[in-house]
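Here the structure comes first, spelled out in structure tokens, and everything after it is commentary.
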Amino acid sequence: MPDIAELWSPIRLTLELATIATVLLLAIGTPIAWWLARSPATWKEAVAAVIAMPLVLPPTVLGFYLLIALGPNGPGGWVAGLYGARTLAFTFEGLVIGSVLFSMPFVVQPIRNAFEAIGERPLEVAATLRASPWDRFWTVAVPLARPGFITGAVLGFAHTVGEFGVVLMIGGNIPGETKVLSIAIFDYVETLQWSKAHILAGGMLVFSFCVILAMMLLEKRIGRPGA
Amino acid sequence: MNGEAGAIAAAFSGSLGTFSLDVAFEAPMRGVTALFGPSGSGKTTILRCMAGLHKLAGRLSVGGEIWQDDAAGIFRKAHQRPIGYVFQEASLFPHLSVRKNLLYGARRAAKQGAEELIREDEIVSLLGIGHLLGRAPLALSGGERQRVAVGRALLSQPRLLLMDEPLSALDRMAKDEILPYFEALHRHLSIPIVYVSHDIAEVERLADTLVLLERGRVLAAGPLFELEADPGLPLLRAPEAAVTLEGRIASIDEAYALTAVSVAGGMLVVPGIQGRLGDARRLRITAADVSFSLSPPGDTTILNCLPARILSITGQTDGEPQVTVVAGLGADGAGARIVARITRKSLEALALAQGSQVFAQIKSVALLASGA
């Protein structure tokens, strides 16, 4: 019988990482998506392209540059120095940063599309009803873009849970710190611990299914107008 | 013109692509002012500038409050102007119920300390939307949606209601269903309304003041009945030229079911019992329904036959079969103006000229609406 604590550690770590990353992704991705959807600037597509890079870039390439950036000689190392550490590479914080960068396009794109689909009209209506720009954003744009937020959050969470290449490059394999599920499964397979790999992989399968199903049901229920 | 304190004074100029706009007009702070003209005349652009949704160079003051003045660097943004705006499509918020839509502007107005002059229950009953409050906007018909949109705009406690062709997206039946509600608003509320339309029938029913637009310029601005009878304007030259007259019910003939409405310079009879004594009514007489005779006609089935004096004759050129005549009701011609389209042959046979005393026979008088 495999050790429950040993199996539980990467699961807990992965859930923590994905949850924190998703919250950060929404917090950072939403203003970016809003700007991309509404700005008249022509150079915004260049910004959009930079954000979309992880879609085509091999994860190892992104991981390599991140490793340098987070390392002792990069800006990440400088930030770590502020609180007495040497590097952000091979730390949980580093993983969060990497995950946020890697999953950004999956969050920004659906939210941007949803903002664009709203059009100018509902916001103009709200303006004539005395709503300030901030008020309009929260009471009209966000509720109308809800499907985009749900899609973005699910995709961001799922990609963070499933990421392997970037994590391997910048996180390594430190139990309790950077050893997330995908790494753990890889590890068990490498060391021929098939039953442990089975438990984690099967658990992921069930978990993924449940998350997607729950999101779909939730969307169907709250998506009803006037609810 | 009125002093600015009691008026809406607007002046905008600028260009949007190839279209250039240069307008200035004044409108009273009461009743309905129609911005009327063909599509592409700049009506909607003017309305959007008045709302602060669009910025062109210019100046706008409403009842003495300055909303835009480029010289002084003043430009109030849309959400800082106490306006109600009704768009062509109702544009209700799909994620809110009808009631929450209605209260969206009302709550913000209350928070900003606006006085609650227009109450929810009053608007709900005036617009007949009480049974819709709990529903989702998507479950409403086009006419119902537009009524809710009007109510939502009014509950934000505007000092000025702007309406951009609010009926153009509706079919004939929905229009007929909604117009009486608009007329009721017109009667019960004291907020000035600026109403964009390209449909003269709507203008005749609702407007008091008319701003006539063409290709981004103001052709004329003034009271509707004056502009309708102005020989220099395209309204009178149109084949369907007509005038509207405001009057009050002076007597009711129950036996024959007829209502007499007194207008400036005379009395007009319309079929049916059309209200109670003293009620205000708006009448419409088309140019094609008016003919003249020099003596009071004897035996005729036409009920409305009034003394009038000819004020102007236009279109009197060789080869044209018809001329357009503007006459004033009353022997001195000082009453309400009517227009007539008669043949040039008749004009010459009766030797009619400016100042001629005539009897105007009006074949039909249409009751448009209950006037202001």
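The values are calculated or read from the model by the stated rules, or taken from the named source; none is laboratory data. Since this is a predicted model, take the numbers as computed values, not measurements. For neighbour counting, all protein chains shown are included, and Cβ atoms are generated from backbone atoms with ideal geometry for every residue, glycine included.
Residues in the range B:69-79: is at least one within 23 Å of B:Y181 (Cα to Cα) and at pLDDT below 95?
Looking through the range B:69-79, none of the residues is within 23 Å of B:Y181 (Cα to Cα) and at pLDDT below 95.
Name, by its number, the condition in (1) away from every other protein chain (no Cβ under 13 Å); (2) under 15 Å from the mean Cα position of the chain (by Cα) that does not hold for B:R215.
For B:R215, the failing item is (2).
Collect the residues in the range B:192-207 that are farther than 20 Å from B:L367 by Cα and surrounded by fewer than 21 Cβ atoms within 10 Å (Cβ to Cβ), keeping them in residue-number order. Show your work before the answer.
Taking the range B:192-207 first, the residues farther than 20 Å from B:L367 by Cα are B:192-198.
B:H198 - this is the single residue of the range B:192-207 that is farther than 20 Å from B:L367 by Cα and surrounded by fewer than 21 Cβ atoms within 10 Å (Cβ to Cβ).
Considering B:A51, B:A72, which residue is without any contact (Cβ under 8 Å) to a residue 40 or more places away in the chain and more than 19 Å from B:L127 (Cβ to Cβ)?
Criteria check complete, one pass: B:A72.
State yes or no: is B:R309 surrounded by 15 or more Cβ atoms within 10 Å (Cβ to Cβ) and farther than 23 Å from B:L245 by Cα?
Considered against the rule, which asks whether it is surrounded by 15 or more Cβ atoms within 10 Å (Cβ to Cβ) and farther than 23 Å from B:L245 by Cα, B:R309 comes out as no.
Here are some conditions: (1) farther than 29 Å from B:D171 by Cβ; (2) without any contact (Cβ under 8 Å) to a residue 40 or more places away in the chain; (3) surrounded by fewer than 23 Cβ atoms within 10 Å (Cβ to Cβ); (4) under 27 Å from the mean Cα position of the chain (by Cα). B:Q112 meets all but one. Which one does it not meet?
(4)
When you check B:T317 against the structure, is it over 32 Å from the mean Cα position of the chain (by Cα), under 29 Å from B:I249 (Cα atoms), surrounded by fewer than 17 Cβ atoms within 10 Å (Cβ to Cβ) and in the same structural domain as B:R248 (by TED's automatic domain parsing), yes or no? Write out each step before concluding.
Numbers: over 32 Å from the mean Cα position of the chain (by Cα): yes; under 29 Å from B:I249 (Cα atoms): no; surrounded by fewer than 17 Cβ atoms within 10 Å (Cβ to Cβ): yes; in the same structural domain as B:R248 (by TED's automatic domain parsing): yes.
Spelling it out, it is not the case that B:T317 is over 32 Å from the mean Cα position of the chain (by Cα), under 29 Å from B:I249 (Cα atoms), surrounded by fewer than 17 Cβ atoms within 10 Å (Cβ to Cβ) and in the same structural domain as B:R248 (by TED's automatic domain parsing).
This table checks each residue for (1) more than 23 Å from B:G247 (Cβ to Cβ); (2) assigned by TED's automatic domain parsing to the domain that holds B:L185; (3) touching a residue at least 60 places away in the same chain (Cβ under 8 Å); (4) in contact with a Pro (Cβ under 9 Å, 6 or more places away or on another chain).
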site	(1), (2), (3), (4)
B:V325	no, no, no, no
B:R344	yes, no, no, yes
B:L350	yes, no, no, no
B:V358	no, no, yes, yes
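Closer than 23 Å to A:K179 by Cβ and touching a helix residue (DSSP H, G or I) at 6+ places or on another chain (Cβ under 9 Å) - does that describe any residue in the range A:103-111?
Among the residues of the range A:103-111, at least one is closer than 23 Å to A:K179 by Cβ and touching a helix residue (DSSP H, G or I) at 6+ places or on another chain (Cβ under 9 Å), which makes the answer yes.
Are there any pairs, at least 6 apart or on different chains, whose C-beta atoms fall under 6 Å, with the first in the range A:76-101 and of a type in the set (K, R) and the second surrounded by fewer than 17 Cβ atoms within 10 Å (Cβ to Cβ), and if so, which?
A:R86/A:P72
Name the one entry in A:L17, A:L26, A:L7, A:L55 that is in contact with a helix residue (DSSP H, G or I) (Cβ under 7 Å, 6 or more places away or on another chain) and surrounded by fewer than 13 Cβ atoms within 10 Å (Cβ to Cβ).
Testing whether each residue is in contact with a helix residue (DSSP H, G or I) (Cβ under 7 Å, 6 or more places away or on another chain) and surrounded by fewer than 13 Cβ atoms within 10 Å (Cβ to Cβ) leaves just A:L55.
Inspect the range B:254-272 for any residue being within 20 Å of B:D208 (Cα to Cα), in contact with a helix residue (DSSP H, G or I) (Cβ under 7 Å, 6 or more places away or on another chain) and touching a residue at least 12 places away in the same chain (Cβ under 8 Å) and give the result as yes or no.
no
Hey, does the range B:280-289 have a residue that's more than 23 Å from the chain's Cα centre (by Cα) and touching a residue at least 12 places away in the same chain (Cβ under 8 Å)? Give the derivation first.
Within the range B:280-289, the subset more than 23 Å from the chain's Cα centre (by Cα) is none.
Checked against the condition, which is being more than 23 Å from the chain's Cα centre (by Cα) and touching a residue at least 12 places away in the same chain (Cβ under 8 Å), the range B:280-289 yields no hits at all.
Given the options B:L235, B:L227, B:L245, name the one that is touching a Leu at 6+ places or on another chain (Cβ under 9 Å), within 25 Å of B:I342 (Cβ to Cβ), touching a residue at least 24 places away in the same chain (Cβ under 8 Å) and in a helix (DSSP H, G or I).
On the way: B:L227 fails: touching a residue at least 24 places away in the same chain (Cβ under 8 Å); B:L245 fails: in a helix (DSSP H, G or I).
Going through B:L235, B:L227, B:L245 in turn, the sole match is B:L235.
Condition first: at pLDDT 90 or above and under 19 Å from B:R159 (Cα atoms). Can you find one or more residues in the range B:94-103 that meet it?
Of the residues in the range B:94-103, the ones at pLDDT 90 or above are B:94-103.
Those still in the list that are under 19 Å from B:R159 (Cα atoms) too: B:102-103.
For the range B:94-103, residues at pLDDT 90 or above and under 19 Å from B:R159 (Cα atoms): present.
Which pairs do you get when a residue that is within 13 Å of A:V154 (Cβ to Cβ), found in the range A:102-119, comes within reach of a residue that is at pLDDT 95 or above and among the small types (G, A, S), reach meaning Cβ atoms under 6 angstrom, with the pair 6+ apart or on two chains?
The qualifying pairs are A:V107/A:G29; A:I111/A:A33.
Please tell me if B:I8 is in a helix (DSSP H, G or I), surrounded by 22 or more Cβ atoms within 10 Å (Cβ to Cβ) and more than 14 Å from chain A (Cβ to nearest Cβ).
When the stated conditions are applied, B:I8 does not pass them.
Would it be correct to say that A:S99 is buried (at least 21 other Cβ atoms within 10 Å of the Cβ) and more than 14 Å from chain B (Cβ to nearest Cβ)?
So A:S99 fits the description; yes.
I need the full set of residues from the range A:116-170 which are in contact with an Asp or Glu (Cβ under 8 Å, 6 or more places away or on another chain) and under 30 Å from B:L47 (Cα atoms), in order please.
A:R121, A:A126 - these are the residues of the range A:116-170 that are in contact with an Asp or Glu (Cβ under 8 Å, 6 or more places away or on another chain) and under 30 Å from B:L47 (Cα atoms).
In the list B:P180, B:P223, which residue meets the criterion of being at pLDDT 90 or above and either within 10 Å of the chain's Cα centre (by Cα) or surrounded by fewer than 17 Cβ atoms within 10 Å (Cβ to Cβ) (or both)? Before the answer, list the steps.
Details: B:P180 fails: at pLDDT 90 or above.
One residue alone meets the criteria, B:P223.
Go through the residues of the range B:6-13 one by one and say whether even a single one is within 23 Å of the chain's Cα centre (by Cα), farther than 30 Å from B:S141 by Cα and touching a residue at least 60 places away in the same chain (Cβ under 8 Å).
Yes, because at least one residue in the range B:6-13 is within 23 Å of the chain's Cα centre (by Cα), farther than 30 Å from B:S141 by Cα and touching a residue at least 60 places away in the same chain (Cβ under 8 Å).
Tally the residues that are basic (K, R) and surrounded by 23 or more Cβ atoms within 10 Å (Cβ to Cβ), restricting the search to the range B:36-76.
Of the residues in the range B:36-76, 1 are basic (K, R) and surrounded by 23 or more Cβ atoms within 10 Å (Cβ to Cβ).
Give me the strands (runs of 3 or more DSSP E) completely within the range B:33-100, filtered to those with at least 1 residues that are within 12 Å of another protein chain (Cβ to nearest Cβ), ordered by residue number. I'd like the intermediate steps shown before the answer.
On the way: elements: B:57-62, B:65-69, B:83-86.
Answer list for the range B:33-100: B:83-86.
Might you let me know whether the range B:208-218 holds any residue that is in a helix (DSSP H, G or I) and surrounded by fewer than 20 Cβ atoms within 10 Å (Cβ to Cβ)?
no
Quick one: which helices (runs of 4 or more DSSP H) sit completely within the range A:120-184 and have at least 1 residues that are touching a Ser or Thr at 6+ places or on another chain (Cβ under 8 Å) and more than 14 Å from chain B (Cβ to nearest Cβ)?
The helices (runs of 4 or more DSSP H) meeting that bar are A:146-162, A:165-171.
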